[in-house]
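The values are calculated or read from the model by the stated rules, or taken from the named source; none is laboratory data. Predicted model, so just to flag it, every value in this text is computed and none were measured. Glycine gets a Cβ as well: all are built from the backbone with ideal geometry, and neighbour counts include every protein chain shown. In case anyone asks, the SASA skips ligands and DNA or RNA and just uses the protein heavy atoms, side chains included. Shrake-Rupley method; radii C 1.70, N 1.55, O 1.52, S 1.80 Å.
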Amino acid sequence: MNATSPETAAGQAPGPGRVVLLTTSHRVAPGLLSWPAWQALRAADRVLCADGAHPQLPYLREAGTPVEEAAPTAEEIVDACAGGRTVVVVATGEGDPALTDGLARLAGSGRVRMPELELLPASYDLPGARLLDLVQVMDRIRAECPWSSRQTHKGLAKYGIEEAYELVEAIEEGDRDELREELGDVLLQVVFHARIAEEDPDAPFSVDDVAGGIVAKLIHRHPHVFGDETAETPEDVKEHWLRTKAVEKRRESVTDGVPLGQPALALTAKLASRVRTAGLSVPLPTGEGIGYELLALAVRAEAEGVDPEAALRAAARVYRDAIRATEGGRGEG
């Protein structure tokens, strides 16, 4: 460490010194610090950290930076900076609010010559870093929660369906706060199932395997983004997607992969889309009953670019409002 001389070159009294509060992100691998952070650490007269188990400490010491395990008060920090010295405080996960609040009180009192205070982020979260928190929280819940620890893929299946419907409702209602919350609930289902899958004795996989699989699929199905092919229109993109998907799946029928458990209107529209995309000429089955009439309507809607499921939900909501209006009018009467 480089010690600062008690006197300046001009023979003047030294300044009050400098406090650097070094913050790091636990979502970034320890030791990956910014260059300004390393410069501050190497130039400091003292480096302090209240948490002896802080994940950065082994890497700092390996780099030749001595770190003292100490939790000084604001007054002690000010004294340590006297004579123009620099003290770096490696912040704990909570950010050391007691120290920063104490320094703020001293500064506000006007009775103390305060050192220069600098907040120096040493590492930053990358986009998506909070997903690491979700994985860690889910891992602990799976291990310690009496309910979550007993859940299975089959037992959670109904919640996946419910959350998907609630997400669609939030989208259709245009409620941004609700949309953010429902996206989180759907994401929870993914992470929960992936955590359960880790425990399978025969074919375990993790959330990293899930993410790796979808990343590989997206790259493969977007050769116009990650490869040499070009796509100028959404139709070009869809053509690339269908072509690569056909090669991957090697399906014997255009109906392969269409989940029969989905709502009937959506199922019909999906089948009609597969038929139209494949250029097949398939006459609609005829018969008595409203089912065949609904089948014909759903196929017609798909051909006209209308999602029959969404269209019926929209009409049903109007119907619901009409019911409530009638109930309100009857109550007034």
Between residues in region 201-228 that are farther than 22 Å from Met138 by Cβ and residues that are open to solvent by less than 40 Å² (accessible area, probe 1.4 Å) and outside any loop (DSSP other than H, G, I, E, B), which pairs lie under 8 Å by C-beta distance while being six or more apart or on different chains? His220/Thr244; Arg221/His240; Arg221/Thr244; His222/His240; Pro223/His240; Pro223/Thr244; His224/His240
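With respect to Leu183, determine if the residue is under 20 Å from the mean Cα position of the chain (by Cα) and surrounded by 11 or more Cβ atoms within 10 Å (Cβ to Cβ). Before you say what the answer is, go through the steps one by one.
Values: under 20 Å from the mean Cα position of the chain (by Cα): yes; surrounded by 11 or more Cβ atoms within 10 Å (Cβ to Cβ): yes.
Yes: the conditions hold for Leu183.
For region 240-260, which residues satisfy the criterion of being open to solvent by 80 Å² or more (accessible area, probe 1.4 Å), under 33 Å from the mean Cα position of the chain (by Cα) and not basic (Lys, Arg)? Steps first, please.
Of all residues in region 240-260, those open to solvent by 80 Å² or more (accessible area, probe 1.4 Å) come to 243, 247, 249-252, 260.
Next, from what is left, pick out any that are under 33 Å from the mean Cα position of the chain (by Cα): 243, 247, 249, 260.
Answer for region 240-260, where residues must be open to solvent by 80 Å² or more (accessible area, probe 1.4 Å), under 33 Å from the mean Cα position of the chain (by Cα) and not basic (Lys, Arg): Val247, Leu260.
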So is Asp208 under 26 Å from Lys245 (Cβ atoms) and among the acidic types (Asp, Glu) or not? yes
Which condition number in (1) open to solvent by less than 80 Å² (accessible area, probe 1.4 Å); (2) touching a helix residue (DSSP H, G or I) at 6+ places or on another chain (Cβ under 7 Å); (3) not basic (Lys, Arg) is the one that Asp175 fails? (2)
Scan region 52-64 residue by residue and report those that are in a loop (DSSP other than H, G, I, E, B) and either open to solvent by 30 Å² or more (accessible area, probe 1.4 Å) or more than 11 Å from Leu22 (Cβ to Cβ) (or both). Gly52, Ala53, Pro55, Ala63, Gly64
Give me the pairs, please: first residue somewhere in region 286-301 and more than 13 Å from Leu312 (Cβ to Cβ), second residue anywhere and assigned to a loop (DSSP other than H, G, I, E, B), beta-carbon distance under 8 Å, and either six or more positions apart or on two chains. Tyr292/Leu284; Tyr292/Pro285; Tyr292/Thr286; Leu295/Leu284; Leu295/Pro285; Ala296/Leu284; Val299/Leu284
I need every pair where a residue in region 85-99 that is within 15 Å of Gly52 (Cα to Cα) and without any contact (Cβ under 8 Å) to a residue 60 or more places away in the chain has its Cβ under 8 Å from the Cβ of a residue that is of a type in the set (Lys, Arg) and open to solvent by 20 Å² or more (accessible area, probe 1.4 Å), sequence separation at least 6 or different chains. none
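What about Leu132, is it modelled with pLDDT of 90 or more, open to solvent by 50 Å² or more (accessible area, probe 1.4 Å), within 30 Å of Val207 (Cα to Cα) and of a type outside the set (Gly, Ala, Ser)? Give the derivation first.
Working: modelled with pLDDT of 90 or more: yes; open to solvent by 50 Å² or more (accessible area, probe 1.4 Å): yes; within 30 Å of Val207 (Cα to Cα): yes; of a type outside the set (Gly, Ala, Ser): yes.
For Leu132, the condition - modelled with pLDDT of 90 or more, open to solvent by 50 Å² or more (accessible area, probe 1.4 Å), within 30 Å of Val207 (Cα to Cα) and of a type outside the set (Gly, Ala, Ser) - is met.
Could we say that Gly329 is at pLDDT below 85 and under 23 Å from Ile161 (Cα atoms) here?
Values: at pLDDT below 85: yes; under 23 Å from Ile161 (Cα atoms): no.
Against the criterion (at pLDDT below 85 and under 23 Å from Ile161 (Cα atoms)), Gly329 does not qualify.
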In region 276-309, what residues are of a type in the set (A, V, I, L, M), open to solvent by less than 70 Å² (accessible area, probe 1.4 Å) and closer than 17 Å to Thr255 by Cα? Ala278, Leu295, Ala298, Val299
Go through region 104-119 residue by residue and tally those that are touching a strand residue (DSSP E or B) at 6+ places or on another chain (Cβ under 7 Å) and either surrounded by fewer than 18 Cβ atoms within 10 Å (Cβ to Cβ) or at pLDDT below 90 (or both). 4
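Only one of these is over 23 Å from Val112 (Cα atoms), at pLDDT 90 or above, of a type in the set (A, V, I, L, M, F, W, C) and open to solvent by less than 40 Å² (accessible area, probe 1.4 Å): Leu21, Leu33. Name it.
Details: Leu21 fails: over 23 Å from Val112 (Cα atoms).
Every option except Leu33 fails the conditions.
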Scanning region 77-95 for residues that are open to solvent by less than 30 Å² (accessible area, probe 1.4 Å), on the phi < 0 side of the Ramachandran plot and assigned to a loop (DSSP other than H, G, I, E, B) gives Ala91, Thr92
Spot the failing condition for Cys49; the list is (1) of a type outside the set (S, T, N, Q); (2) in contact with an Asp or Glu (Cβ under 7 Å, 6 or more places away or on another chain); (3) closer than 19 Å to Pro115 by Cα; (4) surrounded by fewer than 18 Cβ atoms within 10 Å (Cβ to Cβ), and only one is missed. (4)
